[in-house]
Amino acid sequence: AELKKSDIVVEVGPGKGNISSLIASKVAKLYLIEKDERLKPYLNKKFENNENVEIIYGNVLDEFIPKCDKIITSLPYSIIEPFIYKLIKCDFNEIIMITGNKYAESVISKKITKLALLTNCYFKAEKIMDILPESFNPRPRVLSSMIKLTKINENDLNDNFIIFRNLFFYETKKLKNALIESYIRLNYLKGNKMSQKEAKKIVNELNLDENILSKTFNIISNEELNLLYNAIVK
C-alpha cells in the first residue's frame, strides 16, 4: 500500500485488527469498517488508546465510506460487483484489495464482461501478486490475487472507454438513447458540438440488432455486450 504518515486510510473487514495495528502505526488516520458485531470487544479494546483509529460497525455496502487516500481490503469475493459500483461514487485515490483471481485476470486483460469493463472505465488496474489457497484459513477453493485500482479521470480514457463509462451512467435508459447521449458527451469532452441528429446517425451505423438497442444497458448479457463493444470499436 506504500503508506505515508500523511495518509488517511480505510480498511474494510479488519477482523480482529491484526493488520489494522500495522496500518494505524504508519498513517495519520485509519477508519475501520467491520460488519461482524461479535468482533466489537476485540476491536474496541485493541484500539481504545489509538486516537487516530475510528471504527464503523456495519455492512460496507450500506455504510458511507469516508473520504480517504487509500482503501485496503480482502472482501468476500461474492460482493465484488456491488462493491465496485459503490467505489465509483466514493472519494479516494486507490484501493489495494485481495480478490478472486478470475476477476483480477479479467480486469488486467481488459476482458469484455460487465464487471471488468466497469472496473476499467473507472480505474487503472495493476496486479501485485497471486496468492495460493493455502495462505488462508479457512482455505478458499479458488486462487486469489492482490490488485491495486487507481482512480482515473474521464479525460484520460480512450474514446471507447469514455462511451462505456457514459453507458454505465445512463444504464437504466434504453440503450439506443444512452448511446446517443454518450456520443454527444464524448464530443463535448473533446471540445466539439454534436447534434442529436448526428449522434443518432452514428448509432444507426453501428448496425446493432433492434432487440439489443431497445434494452437498457444494465440488463444486456455479456454476449450482447461483446457485440456492442465490437461495433463501437469498429
How would Arg139, Arg185, Arg38, Arg165 line up by accessible area, probe 1.4 Å, largest first?
Arg38, Arg139, Arg185, Arg165
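For segment 72-119, what is the accessible area per residue in Å² when the probe is 1.4 Å? Don't jump to the answer; show the numbers that get you there.
On the way: 1970 Å² over 48 residues.
Averaged over the residues of segment 72-119, the accessible area is 41 Å².
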Largest-first ranking of Met146, Met97, Met129 by accessible area, probe 1.4 Å, whole protein assembly kept, is Met129, Met146, Met97
With an 8 Å cut-off on Cα pairs and a minimum separation of 6 or more residues, tell me the relative contact order of segment 117-219 in percent.
24 percent
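Helix-only mean residue ellipticity at 222 nm, the chain, DSSP H runs n ≥ 4 weighted -39,500 (n - 2.57), per residue, nearest 500. What is it?
Working: 10 runs with 91 residues, N = 234.
Dividing the helical sum by the residues of the chain leaves -11000 deg cm²/dmol.
Over all directions, how big on average is the projection of the convex hull of the alpha-carbon atoms in segment 157-234, in square nanometres?
4.7 nm²
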Enter the accessible area of Leu132 (Å², nearest 10), with the probe set to 1.4 Å and all protein chains included.
100 Å²
Rounded to 5, percent antiparallel among DSSP beta bridges of segment 69-181
75 percent
Diffing segment 31-45: the Karplus 3J(HN,Hα) column from phi (6.51, -1.76, 1.60, θ = phi - 60°), in whole Hz with x for Gly and Pro, holds 9, 10, 10, 10, 7, 7, 6, 5, 8, 3, x, 5, 5, 4, 5
Per residue of segment 164-175, what does 6.51 cos²θ - 1.76 cosθ + 1.60 with θ = phi - 60° give for ³J(HN,Hα)? Whole Hz please, x for Gly and Pro, Karplus curve as stated.
6, 4, 6, 5, 5, 5, 9, 5, 9, 8, 4, 3
Give the ranking of Glu51, Glu11 by solvent-accessible surface, highest area first, calculated with a 1.4 Å probe.
Glu51, Glu11
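Where does the charge balance sit around Ile220 when Lys and Arg score +1, Asp and Glu -1, over other residues with C-beta under 10 Å from its C-beta?
After counting each charged neighbour, the total is -1.
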Would you please give the residues with an amide H less than 5 Å from that of Thr216, counting only those at least 5 places away or on a separate chain, with H modeled from the backbone geometry?
Leu175
Long-range HN-HN contacts of Val10 with modeled amide H, under 5 Å:
Tyr31, Lys70, Ile71, Ile72
Note to self: C-alpha centroids of segment 45-122 and segment 143-158 sit apart, in Å, by 12 Å
Note the listed values (i) 18.4; (ii) 19.2; (iii) 19.6, then indicate which one is Kirkwood radius over Cα pairs in Å calculated from this particular structure.
(iii)
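The values are calculated or read from the model by the stated rules, or taken from the named source; none is laboratory data. Bear in mind that the values here come from a model prediction, so they are computed numbers and not experimental data. Cβ sites come from the backbone with ideal geometry, for glycine too, and all protein chains shown count toward neighbours. Note: accessible area is taken over every heavy atom of the protein model, side chains too, but ligands, DNA and RNA are not part of it. Shrake-Rupley method; radii C 1.70, N 1.55, O 1.52, S 1.80 Å.
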